[in-house]
Amino acid sequence: SGVMDPNDRPGADGCVLHSREDCLFYASLERWWEYRRALIRRHSSWVQARSGADLEPKVLHTIALKALPAGPRGHGGRVPALCIGTRWWPTKEEPAAVLITCGGIYAGLDGPAGLFDRLAEEFPHSKEAVAVLQLDAGHEPMVAEAVLQEAIDWVCDQFPSVRAKAGTSGGVILAGFSMGATTIARAVHAHYSDCVSGIMLFSGQTLDCDKLQTFSSGLRRVLVVHGMEDVVVSVVAARHLSRSAAEAPGQPRVDIAIIPQKRLEDMDGLERQMRHHCWEEREEVYEVVIPWVHGLVAQLKCEQLRVLGDHSEMAAAV
């Protein structure tokens, strides 16, 4: 029928997208909106199940945190009203860093305007060798936090090189869209923050954003991206997020990109989501993200080489 169902998207055991059209960054507006509406319907079914006469927790879906060829091991856990999936994009060799992505309240693997799909396609094959783990976790914030924590644990277990060592930062980069910003702020504390060197927040909510101030001194860079005319989450939120991140103990470099957008007085549901996702401006967002990630990875490599005392390679990394 051609109708997209978020539960039918390629998962961990089919992490290579079948064609560029499967990457929602390149999809038509109609196809992208069809997918987003399917996520909204899935979310609504969870809400309805939770608000029924039966007040006992309902196990609607099974968490299946698994990925091939080397992905998170399924823990067999079951939680109420949540569907969780992953897509793992490995590098050919040991990754220089690992990007973990978190969606918003409606979840999905795609991120803002399919950006996470495009990054997942490109980063593992780039000279920076950044592996990507996309998480489909939303609706239940506490569960989304637990899923992110488990994902970080798995990455650090599988790739000890991304753990922070004396004189160096960790190699985990987190990206959160909308509610994903809150998920990151809540989940990444205590020992979880020790391996995180970079955070990207897209159209991020500010709930609990003050927790960003508790991140470890290993946090090197934060990128905040927001559409100027976002009516779902006001652009004012970007200022709050950037200020909170700047107060982290390590005084990370904070970059903020406010994306110009057309102003419309009356918006329907599609137009509101287009502004929130920066759909029409997604290439501009992409052009902001790529050099930012490249710069962070180069900084991490320089730190590692500095510890090893290899100054010639340091110059090449920059």
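Candidates in the stretch 290-308 are the residues that are of a type in the set (Val, Ile, Thr) and surrounded by fewer than 19 Cβ atoms within 10 Å (Cβ to Cβ); of these, the one that is modelled with the highest pLDDT is Ile290. Considered as a group, the residues in the stretch 248-263 that are touching a Lys or Arg at 6+ places or on another chain (Cβ under 8 Å) and in a strand (DSSP E or B) include one that is nearest to Ser217 (Cα to Cα), and that residue is Arg253.
Taking His294, is it in a helix (DSSP H, G or I), in contact with an Asp or Glu (Cβ under 7 Å, 6 or more places away or on another chain) and in contact (Cβ under 8 Å) with a residue 12 or more places away in the chain? The answer is yes for His294.
It is to be established whether one or more residues within the stretch 117-128 are crowded, with 24+ Cβ neighbours inside 10 Å, touching an Asp or Glu at 6+ places or on another chain (Cβ under 6 Å) and under 19 Å from Val225 (Cβ atoms). Yes, there is a match, as at least one residue in the stretch 117-128 is crowded, with 24+ Cβ neighbours inside 10 Å, touching an Asp or Glu at 6+ places or on another chain (Cβ under 6 Å) and under 19 Å from Val225 (Cβ atoms).
Among the residues of the stretch 211-227, those that are open to solvent by 20 Å² or more (accessible area, probe 1.4 Å) and either charged (D, E, K, R) or closer than 19 Å to Gly104 by Cα (or both) comprise Lys211, Arg220, Arg221.
Can you pull out the residues in the stretch 262-279 that are of a type outside the set (Lys, Arg) and out of contact with any Leu (no Cβ under 9 Å at 6 or more places or on another chain)? Before the answer, list the steps.
Step one: list which residues in the stretch 262-279 are of a type outside the set (Lys, Arg), which gives 264-271, 273-274, 276-279.
Scanning the stretch 262-279 gives Leu264, Glu265, Asp266, Met267, Asp268, Gly269, Gln273, His276.
Of all residue pairs spaced 6 or more apart or on separate chains, those with beta-carbon atoms under 9 Å, a first member in the stretch 124-149 that is within 15 Å of Val293 (Cβ to Cβ) and a second member that is assigned to a helix (DSSP H, G or I) and of a type in the set (Lys, Arg) are Glu128/Lys301. Taking the residues in the stretch 232-245 that are open to solvent by 40 Å² or more (accessible area, probe 1.4 Å), without any contact (Cβ under 8 Å) to a residue 24 or more places away in the chain and not charged (D, E, K, R) as candidates, determine which candidate is farthest from Leu219 (Cα to Cα). By that ranking, first place goes to Ser234.
Answer yes or no: is there a residue in the stretch 178-191 that is crowded, with 22+ Cβ neighbours inside 10 Å and more than 24 Å from Val143 (Cβ to Cβ). Full working, then the answer.
At the first step, the residues of the stretch 178-191 found to be crowded, with 22+ Cβ neighbours inside 10 Å are 178-185, 187-188.
From what is left, the residues that are more than 24 Å from Val143 (Cβ to Cβ) are none.
No: the stretch 178-191 contains no residue that is crowded, with 22+ Cβ neighbours inside 10 Å and more than 24 Å from Val143 (Cβ to Cβ).
The values are calculated or read from the model by the stated rules, or taken from the named source; none is laboratory data. Because the structure is predicted, anything quoted here is derived from the model rather than measured. With ideal geometry, Cβ positions are generated from the backbone for all residues, glycine too; neighbour counts draw on all protein chains shown. Quick note on the areas: whole protein, heavy atoms, side chains included, nothing else; ligands and nucleic acids left out. Shrake-Rupley method; radii C 1.70, N 1.55, O 1.52, S 1.80 Å.
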